[in-house]
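Read the structure below first, then the notes.
The values are calculated or read from the model by the stated rules, or taken from the named source; none is laboratory data. This is a predicted model, so every value here is computed, not measured. Here the Cβ is made from the backbone with ideal geometry for all residues, glycine too, and neighbour counts use every protein chain on show. Surface accessibility is based on the protein's heavy atoms, side chains included, excluding ligands, DNA and RNA. Shrake-Rupley method; radii C 1.70, N 1.55, O 1.52, S 1.80 Å.
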Amino acid sequence: MSDSVEPKVSVIIPAYNRESYIGQTVDSVLGQTYQNIELIVVDDGSSDGTRQILEQYGNKLLLLEHEQRANKGQSAAINLGLKNAVGHYIAILDSDDYWHPDKIKMQVDFLEQNPDVGLVYGNGEGVNADGEYLYDIYSDSHYEENKPANVLMDCYFLVPNNALVRKSVFDKVGGFDESLRSAQDHDMAIRIAEVTKLAYINYKWFYYRRHGQSI
């Protein structure tokens, strides 16, 4: 199907030493019911078997790295992916999490029908290292108020993992802050909330893995 019928979605996965999980993460993108996806994985200097696993996917994904395979942190890895992304929409997925097969299709359908919305996010489940259910991310009473101050006080949605964002929004707010080794997603969420309308769909379409190496 052509881009004029089905807009391209660029999915960016920053990966660092995730050999135990990266296969399931990548497979959850390749298994999406939405077809017009380019998958970009940035190997952020992994020293375990992550790189070898990624190379096995061949041309199913675009595998990038920093010069001399340096480890520069998640922000720099995502920014490298953004510089190479050509999609109309951008989705970011942490290398130990994974998606429901209909996530991208449902989000694209919503954004296509709501041109005033720049970011849509949805519900999900926290899971343990083995993918077993722990808790729901949001209660049934959650709704989006579109108040940037709320995002400032509580980073309640995840730019990586549960959001789909128009590329034009990233063009407006710029890349992730590479001086931050953590909380860079909170910083980005605030910046996005200040320039565009947000929307929430109460459907569980992502799985947020909690394990000993989680930040």
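In the list Ala183, Ala199, Ala163, Ala189, which residue meets the criterion of being among the small types (Gly, Ala, Ser) and open to solvent by 30 Å² or more (accessible area, probe 1.4 Å)? After ruling out the rest, the residue left standing is Ala183.
Within segment 66-75, the residues that satisfy the criterion of being open to solvent by 20 Å² or more (accessible area, probe 1.4 Å) and either touching a helix residue (DSSP H, G or I) at 6+ places or on another chain (Cβ under 8 Å) or part of a helix (DSSP H, G or I) (or both) are Glu67, Gln68, Arg69, Gln74.
Residue count for segment 147-160 under the criterion of being of a type in the set (Phe, Trp, Tyr) and open to solvent by 30 Å² or more (accessible area, probe 1.4 Å): the result is 1.
Among residues of segment 78-94 that are of a type outside the set (A, V, I, L, M), those with a beta-carbon under 7 Å from a residue that is part of a helix (DSSP H, G or I) at least six positions away or on a different chain give the pairs Gly87/Lys167; His88/Lys167; Tyr89/Val108; Tyr89/Leu111; Tyr89/Lys167; Asp94/Pro160; Asp94/Asn161. Among residues of segment 76-109 being in contact with a helix residue (DSSP H, G or I) (Cβ under 7 Å, 6 or more places away or on another chain) and within 15 Å of Lys204 (Cβ to Cβ), the one that is surrounded by the fewest Cβ atoms within 10 Å (Cβ to Cβ) is Trp99. Residue count for segment 1-31, restricted to those that are closer than 23 Å to Asp130 by Cβ and not in a strand (DSSP E or B): 16. Checked against (1) hydrophobic (A, V, I, L, M, F, W, C); (2) in contact with a Lys or Arg (Cβ under 9 Å, 6 or more places away or on another chain); (3) more than 15 Å from Ala91 (Cα to Cα); (4) touching a residue at least 24 places away in the same chain (Cβ under 8 Å), Trp205 passes all but condition (3). In segment 136-146, the qualifying residues are those that are under 22 Å from Asp97 (Cα atoms) and surrounded by 16 or more Cβ atoms within 10 Å (Cβ to Cβ), and the one that is nearest to the chain's Cα centre (by Cα) is Ile137.
What number of residues within segment 116-164 are out of contact with any Pro (no Cβ under 9 Å at 6 or more places or on another chain) and either touching a residue at least 60 places away in the same chain (Cβ under 8 Å) or among the basic types (Lys, Arg) (or both)?
Total satisfying the criteria: 26.
Taken over segment 110-135, the criterion of being part of a strand (DSSP E or B), within 22 Å of Ala91 (Cβ to Cβ) and either open to solvent by 60 Å² or more (accessible area, probe 1.4 Å) or of a type in the set (S, T, N, Q) (or both) is satisfied by Asn123 alone.
Those residues that are open to solvent by 50 Å² or more (accessible area, probe 1.4 Å) and part of a helix (DSSP H, G or I), I need them from segment 168-180; list them, please.
From segment 168-180, those open to solvent by 50 Å² or more (accessible area, probe 1.4 Å) are 168, 171-172, 177-180; that's our starting set.
Those that are open to solvent by 50 Å² or more (accessible area, probe 1.4 Å) and part of a helix (DSSP H, G or I): Ser168, Asp171, Lys172.
Residues of segment 61-77 that are in contact (Cβ under 8 Å) with a residue 40 or more places away in the chain and of a type in the set (A, V, I, L, M, F, W, C): Ala76, Ala77.
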